[in-house]
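Every number in this text was worked out from the coordinates using simple rules, so none of it is lab data. As the structure is a computational prediction, the values presented were derived from the model and not from experiment. Because the Cβ atoms are built from the backbone with ideal geometry, glycine has one as well, and the counts that use them run over all protein chains shown.
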Amino acid sequence: MQNQGKLCLLLYGAGGHAAVVESAVIKGNDYFIFEILDDGKPPGTRLVRGKVLGGRKYLAAFHADGIRYVHVAIGHNATRERVAGVLEQMGFVYVTVQHPAALVEEGAVIESGTFLAAGCIVGARAKIGRGCIVNTAASVDHDCSLGAFAHVCPGAQLAGDVVVGTRAFIGTGAVVIPGITIGEDAIVGAGAVVIRNVPEGRTVVGNPARVVKPRDARVENTQR
């Protein structure tokens, strides 16, 4: 039987990121997706194999039936954090999903609710906080620390000892040199090369990365 030995999982979210998560679950050996929920997508919306059942109105019934495990498959950091908080208050368990092709080195710590995509690498003694995303082919090297609900986008590379704040967003293909601190809610634009610390809540772009004025910032944490 295809799902024998796997745990039942609710997937909350049905955008592009959710399709990546569903694919990882399908390829893995830990869970099978019981239902997909999303308040912003019409019932019947297809991801990879599964379709959206509906929104949050189903949650209480699922919980009453003993379904506990959920993964929030939403790319936008603040939204993922908010939804995870609601689900945990309802008594659901926010679990990590790891693609079989993700590599986690010895001594790394992965907290609950994180998504580790295909081809990503988490180095020795790195700490990945609650609800993070380490996306396709991203690299988080030794002794890095990601705050809760941070997102390291596809192909981004963090060298050793980088500290990434809560809800920070590291854009696709960005490079961060060793020892840098990325502040809480900061955004690193796609392809940026970060050689200086990034202040909390600011956006940096370019090579070398520079802070842009808020009215000029065109890099947004919008993946969903």
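Please report the antiparallel percentage of the DSSP beta bridges confined to the chain, to the nearest 5.
Values: 3 of 47 bridges.
So the antiparallel bridges in the chain amount to around 5 percent.
List the residues whose amide H sits under 5 Å from the amide H of Ala101, counting only those 5 or more places along or on another chain, with H placed 1.01 Å from N in the peptide plane.
So Ala101 has HN proximity to Gly119.
With all pairs of different alpha carbon atoms counted, what Kirkwood hydrodynamic radius in Å does the chain show?
Values: mean 1/r = 0.0570 Å⁻¹.
Evaluated on the chain, it is 17.6 Å.
On C-alpha positions alone, give me the angle between the axis of helix 16-27 and the longest principal axis of the chain, in degrees, nearest 10.
60 degrees
How much net charge surrounds Glu200 when only other residues with a Cβ under 12 Å from its Cβ are counted (Lys, Arg +1; Asp, Glu -1)?
So the environment of Glu200 carries a net charge of 0.
If R₀ is 41 angstrom, what is the calculated FRET efficiency for the pair Arg196 and Asn29, using the beta carbon separation as r and rounding to 0.05? Mind dumping the intermediate values first?
On the way: r = 42 Å, r/R0 = 1.04.
With R0 = 41 Å, the Cβ-Cβ based efficiency is 0.45.
Which GluC sites (Glu not before Pro) in the stretch 74-171 sit in a loop by DSSP (not H, G, I, E or B) and have at most 16 other Cβ atoms within 10 Å of their own Cβ?
Working: sites: Glu81, Glu88, Glu105, Glu106, Glu111; in loops: Glu105, Glu106, Glu111.
Listed in order of number, the matching sites are Glu105, Glu106, Glu111.
List the lysines whose Cα lies under 29 Å from the Cα of Lys51, skipping any in the same chain that are fewer than 8 positions away.
Excluding near neighbours in sequence, the set is Lys6, Lys27, Lys41.
With only Lys, Arg, Asp and Glu charged, each at its Cβ (+1 for the first two, -1 for the last two), find how big the charge dipole of the chain is about the Cα centre; round to the nearest 20 debye.
620 debye
Explain nothing, just the number: relative contact order of the stretch 7-95, from Cα pairs under 8 Å at least 6 residues apart, as a whole percent. Write out the running numbers ahead of the final one.
Working: 148 pairs, mean separation 27.5, N = 89.
For the stretch 7-95, the relative contact order is 31 percent.
Just subtract the alpha-carbon distance of Glu111 and Arg68 from 0.36 nm times their residue separation and send over the number in nm, one decimal.
Values: separation 43, 0.36 × 43 = 15.48 nm, distance 1.75 nm.
In short, 13.7 nm is gained.
Can you check what the net charge comes to around Ala61, using other residues whose Cβ is under 15 Å from the Cβ of Ala61 (Lys, Arg +1; Asp, Glu -1)?
Details: positive: Arg56, Lys57, Arg68; negative: Glu35, Asp65.
After counting each charged neighbour, the total is +1.
Check Gly201: other-chain or 5+ apart residues with amide H under 5 Å from its amide H, H built from backbone geometry?
It is Glu184, Asp185, Ala186, by chain and number.
Quick check on the chain: helices-only [θ] at 222 nm, where DSSP H runs of length 4 and up contribute -39,500 (n - 2.57) each and the sum goes over total residues. Nearest 500, please. Before the final figure, lay out the partial values.
On the way: 3 runs with 31 residues, N = 224.
Roughly -4000 deg cm²/dmol at 222 nm, from the helical runs in the chain.
So what's the net charge close to Gly160: Lys and Arg +1, Asp and Glu -1, counting the other residues with Cβ under 9 Å from its Cβ?
Details: positive: none; negative: Asp141, Asp143, Asp161.
Surrounding charge for Gly160 is -3.
Sort Arg125, Arg56, Arg80 so the one with the fewest other Cβ atoms within 10 Å of its own Cβ comes first.
Arg56, Arg125, Arg80
Helix 77-89 sits at what angle to the longest principal axis of the chain, using alpha carbons and giving 0 to 90 degrees rounded to 10?
Result, in degrees: 40.
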